[in-house]
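Shown next, in structure tokens, is the structure this report addresses.
The values are calculated or read from the model by the stated rules, or taken from the named source; none is laboratory data. None of the values given here were measured: they were computed from a predicted structure. Counting neighbours? That spans all protein chains shown, and the Cβs are built from the backbone with ideal geometry, glycine included.
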Amino acid sequence: MQINVKAFILVLGLAPLAGCGDTALEQAVLGAGAGAGTAAILDGNILTGAAVGAAGNVLYCQTGKKRRC
């Protein structure tokens, strides 16, 4: 299996940003940025990447016994 090194480094670099944000809006914006950036590097649909990143980050941070972020 061949890994795209540039994409792998980008994902690792943006991953911590996705966990930041004090409010749901901030979490959505940061997740959208991380998702769009990753989609751009991987030649994916940027709008879809932004939507998935925003939803994923808000869900991750807002669910569970206590806030994770």
> Name the pairs whose Cβ atoms lie under 6 Å apart, with the first residue in the range 40-69 and outside any loop (DSSP other than H, G, I, E, B), the second at pLDDT 90 or above and of a type in the set (V, I, T), and 6 or more positions between them or separate chains?
Replying inline: A40/I46
> Can you name the number of the only condition in (1) out of contact with any Ser or Thr (no Cβ under 9 Å at 6 or more places or on another chain); (2) at pLDDT below 85 that L10 fails?
Replying inline: (1)
>> Let me confirm something: among G19, G53, which residue is at pLDDT below 85 and surrounded by 11 or more Cβ atoms within 10 Å (Cβ to Cβ)?
In response: G19
